[in-house]
Every structure is written in C-alpha cells, then in structure tokens.
Amino acid sequence: MTIAQFEQMFPHEDACKAHLAANRWPDGVVCPVKEQQKTLNWKLWGHYGYYGITGNGRALQNFSLAVRRIWRRWLTRRSRLRMSWERFNALAKAFPLAPPVVVHSALRLSQ
C-alpha cells in the first residue's frame with residue numbers, strides 16, 4: 001500500500017480509529033501461553049548456546065530465574081487478577097522453560 005492509497009482510505013484520524021475498532025480482536029491482542037513458551041525457549045536455547053561455557057552455570061541459572069520472574073510479570077499484566085507464584089508454578093509445569101545447560105567445555109576448547 002502506498003502513502004497515497006493509505007491517505008485515500010483514511011482521510012483523517014477518526015477514519016483510521018474507526019477501522020481499527022471495527023477490526024480488532026474480540027478479546028484484545030493476546031499471545032497464547034504456548035506461543036510465549038515456544039518463543040522464550042528459543043531465546044533461552046540461544047542464550048545457553050552462546051554463554052553456556054564451563055564455569056558459567058551460576059550465571060545461566062540466574063538468567064533462567066530472571067526470565068521466569070519477567071514471564072510471570074507479563075502474565076500478571078494480561079489479567080486483572082494477580083498471578084501468584086503457586087499459580088505460575090502450576091502453569092510453568094504445563095509449559096516448562098528450557099533449563100540452563102552448559103553447552104561448551106572450556107577444557108575441550110583449550111586442547
């Protein structure tokens with residue numbers, strides 16, 4: 001779509017707002033928990049693959065715990081109900097995050 005076509009479709013801001021209101025999702029924009037888990041796991045595996053070297057296990061564990069806290073915060077913001085840690089842990093059992101893994105051995109790299 002070109003700028004001219006966009007301006008023709010939406011000559012003023014109210015027309016654009018009306019279009020967005022008519023075509024929005026009925027429950028708002030919500031990413032399913034399964035998709036969040038899948039995306040977070042891809043990012044965690046990438047992080048572990050890059051930083052997962054011998055001696056870095058504690059840092060990987062801290063990173064994993066920080067990701068869990070942030071994910072819980074995201075899920076809490078999605079609803080009016082506060083997500084307790086008990087509820088989050090039950091959800092995390094159903095949708096587990098990748099555990100921290102040391103992928104590279106510093107001993108093998110130095111030989």
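Residues that are among the aromatic types (Phe, Trp, Tyr) and within 18 Å of the chain's Cα centre (by Cα) within region 47-84 comprise 48, 63, 71, 74, listed in sequence order. Taking region 1-93 and the helices (runs of 4 or more DSSP H) fully enclosed by it, the elements with 2 or more residues that are surrounded by 15 or more Cβ atoms within 10 Å (Cβ to Cβ) are at 33-51, 57-78. Look at region 61-81: where a residue is modelled with pLDDT under 90, no partner that is assigned to a helix (DSSP H, G or I) and hydroxyl-bearing (Ser, Thr, Tyr) sits 6+ places away or on another chain with Cβ atoms under 7 Å.
The values are calculated or read from the model by the stated rules, or taken from the named source; none is laboratory data. All values reported here derive from a predicted model rather than from experimental measurement. We place every Cβ from the backbone using ideal geometry, glycine too, and count neighbours over all the protein chains shown.
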